[in-house]
Amino acid sequence: RRIQREEEERMRTEKEERKRIEEAERVKQEEERRAQEEVKRKQLQEEIAREREREQQLRLAEEDRKRAAEEEDARRRHLEEQEKRKQKQAEAEVRALLEAEQRRQEEERRKLYVQKQAEEFERKRREAEEEEKRKEQARRARLQEEEKKRLQLETDRRLAAEAEQRMVALAREREAQERKRREEEEAEMSFLKQQLQEDEIKRLLSKQEEERRRVLLQEEAEARDRHRQLDFIQQANNASPAAIRSLRSLQSVGRMSVDYAALGQFVQVEEDEETAEQRLKRLEIERQSEARRMSAVPFMFQLDATIPEELKFSCIGTLTSHTNTVRDLQITEDDRLWSASHDYTIRVWDMAREHICIKSLRGHSRGVWSIAVGEKLAFSGSADRYIRVWRTDNLEPIYKLKGHCGGVYALALADREAHLVSGSGDETLKVWDLDSGACLHTLTGHQLGVWSVAVEDNLLYSASWDRTIKIWDLRSMTCIETLRGHSERVSTVCIGKADTIFSGSLDFTIKVWDMHKMRCMETISSHSGEVHKLLYDPIGSRLFSGADDKTIKIWDMSSKTRLVDSLQEHEGSVRALAWDSMRQTLYSGSWDRTIKLWKIQ
């Protein structure tokens, strides 16, 4: 056991000795590791220090570079500012010179305009005086003519009464002769009745009676004709044309022809069933109507709405894509038809490909009332108060023009498509610069909304619901004349040729205005409804008019205004018209949502 304890003690001692040795080695290794880590830490710190020093150097270099760049920029900006100041000074000097030149030119233009206005006022005053003189002369001439006509009518009545009395006296004389002849024949027949048998007497009586009646009627007609010829010729030699017309209307029995050798006329008097009282009433009515016509206002008349038997236009097709009223139509040189509608859309039709709809342009929030199409841009005006601008090549929207406080009801391009004129329900017209999209001028003067505009050279014509047409000078942006004459709102205006314009109104009339004299030349009253659209064809000298009576009337304006045709296929009011002079085709848009094609035959 002792040996075993000693052995265990020895083993324990050896074990402890190994532990001490291992501990000493572990401590040594730990110290070596710590030494290595310390060396590494020192190396890392040295590297960090070197890196920081390098970064510091780089930062300093960058700051030096930035400082140099800033100094260079400051120097460059200083030079640029000096250059700009010099340039601004030069521009200011040039602008001052230009403004001075413009003021001088404006002053010269103003002086010329004032001089022109004074000359125009003097010319109008002289014309007014001359017109008053002409009116006074015309009134005196009318009064003299009416007096002559009254005297002539009294003479005609007296001659007619005398002719009637002579005819009655002749008829009574003939009746007396006929009665006497019949009495003699009856006496002779009674004698024959006594001599012949009853059957022979009857046969002879019937035969002789027929022969006698035929001869008597023939003699009576010949004598009556001769008597009337003598009376008519005697009266016609000293009578006026009005008296001749009155004599022609006298009652006659049978049909006769009178040869007026002295007058070189041939008058044929037809059967007439009217009495002398009826004839006198008719002559009085004719005299009154002639007096009313002669005393009417100069240059105002109601045209005869007689239509030729052969119609020159016929409907060849109908386009039915719109779902509401078609308000405006435009034809472009690339064979396209543009249509604006109250269904909020603009449709583009290809006329070369059987009028198929290429695209429906959408963008307005209310009905589209007007369109104007140029070479590169198209414009649409709507009741939503905006004007939208579209490209004509890809039919895509570009931007919209804002400025009106009411619906945009009329558009027109001006100054070779450099400017756009718009008319609105806010009683104003605006002139837009198409390069910048800015409103250049706002024209005021109308008392109600503007519904139609037309541009010719430097003149702008605007039609308004205040019953007037105003003429504006686009150079001075001023109103130079106001035309009045319609009794209701003016809905459309278009330009004719030879300084003539046309206007249509809700008073059912179309007026023709002379721009030299600034007055109405003619008033055309043929429509039975409000006139909404006018279109003039300068090549054919034709005026097209569309109205609420569902018709399109075509007028020949070449010489004397004459109704050529009346087209009626629409089921509603005609609101839009467009004319294709190449194809001789008329396009019409209507309240019935359709576009109709009319071909000239």
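The values are calculated or read from the model by the stated rules, or taken from the named source; none is laboratory data. Since we're looking at a predicted model, the values are computed, not measured. Glycine also receives a Cβ, built like all others from the backbone with ideal geometry; neighbour counts cover every protein chain displayed. Note: accessible area is taken over every heavy atom of the protein model, side chains too, but ligands, DNA and RNA are not part of it. Shrake-Rupley method; radii C 1.70, N 1.55, O 1.52, S 1.80 Å.
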Any idea which of GLY407, THR444, ASN458 is furthest toward the positive side of the dipole for segment 387-480, if Lys and Arg beta-carbons carry +1 and Asp and Glu beta-carbons -1?
GLY407
Please turn the phi angles of segment 390-397 into ³J(HN,Hα) values with the Karplus equation 6.51 cos²θ - 1.76 cosθ + 1.60 (θ = phi - 60°), one per residue in order, whole Hz, x for glycine and proline.
10, 7, 8, 7, 10, 6, 10, x
State the answer as a single residue: which of LEU97, GLN87, ALA74 lies farthest towards the positive end of the charge dipole of segment 56-105, with beta carbon charges of +1 for Lys and Arg and -1 for Asp and Glu, about the Cα centre.
LEU97
Extension gain GLU22-ARG110, at 0.36 nm per residue separation less the Cα-Cα distance, in nm?
19.7 nm
I'd like the accessible area for LEU58, computed on protein heavy atoms only with a 1.4 Å probe and all protein chains in place. Round to 10 Å², please.
110
Amide H neighbours of LEU440 at under 5 Å, excluding residues fewer than 5 places away on the same chain, with H built from the backbone geometry, are VAL431, TRP432, ASP433
What does the highest-first list of 503-512, 165-174, 581-590 look like by mean Cβ count within 10 Å?
503-512, 581-590, 165-174
Tally Lys/Arg at +1 and Asp/Glu at -1 over every other residue whose Cβ is under 12 Å from the Cβ of VAL326; what's the total?
+3
Added length on full extension, which subtracts the Cα-Cα distance from 0.36 nm per residue, GLU120 to ARG59
13.7 nm
To the nearest 20 debye, what charge dipole does segment 424-571 have about its Cα centre, counting +1 at the Cβ of each Lys and Arg and -1 at the Cβ of each Asp and Glu?
420
For TRP451, which sequence-distant residues (separation of 5 or more, or a different chain) have an amide H within less than 5 Å of its own amide H, given hydrogens modelled in the peptide plane?
ALA463, SER464, TRP465
Summed side-chain charge close to CYS439 - residues other than CYS439 whose Cβ falls under 12 Å, Lys, Arg +1, Asp, Glu -1
+1
Distant-in-sequence amide H partners of GLY529 (H built 1.01 Å from N, under 5 Å)
ASP548, ASP549
Projected label distance in nm at SER581 and ASP393, using a 7 Å step from Cα toward the beta-carbon:
2.8
Protection proxy ranking of 347-357, 521-531, 364-374 - average other beta-carbon atoms within 10 Å, highest first:
364-374, 521-531, 347-357
Residue-level accessible surface for ARG10, protein heavy atoms, 1.4 Å, Å²
100
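Give me the dipole magnitude in Debye, nearest 20, for segment 1-64 about the Cα centre, with unit charges on the beta carbon: positive for Lys and Arg, negative for Asp and Glu.
Dipole size: approximately 660 debye.
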Here FRET efficiency (C-beta to C-beta, ASP514 to ARG139, R₀ 25 Å, nearest 0.05) is 0.70
Counting Lys +1, Arg +1, Asp -1, Glu -1, what net charge surrounds ALA352 among other residues with beta carbon under 14 Å of its beta carbon?
-3
So for R0 = 30 Å, FRET eff. of LYS84-SER436 from the Cβ-Cβ r, to 0.05, ends up at 0.80
Under the 7 Å Cα-to-Cβ spin-label approximation, THR13 and ARG158 lie apart by a distance in nanometres of 19.2
For segment 151-156, just list the computed ³J(HN,Hα) in residue order, Karplus coefficients 6.51, -1.76 and 1.60, θ = phi - 60°, integers in Hz, with x standing in for Gly and Pro.
4, 5, 5, 4, 4, 4
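Subtracting the Cα-Cα distance from 0.36 nm times the residue separation, let me have the gained length for HIS355 to GLU30 in nm, one decimal.
Numbers: separation 325, 0.36 × 325 = 117.00 nm, distance 10.00 nm.
Result: 107.0 nm gained on full extension.
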Grab the beta carbon distance between GLU132 and THR482, set R0 = 25 Å, and tell me the FRET efficiency rounded to 0.05.
0.75
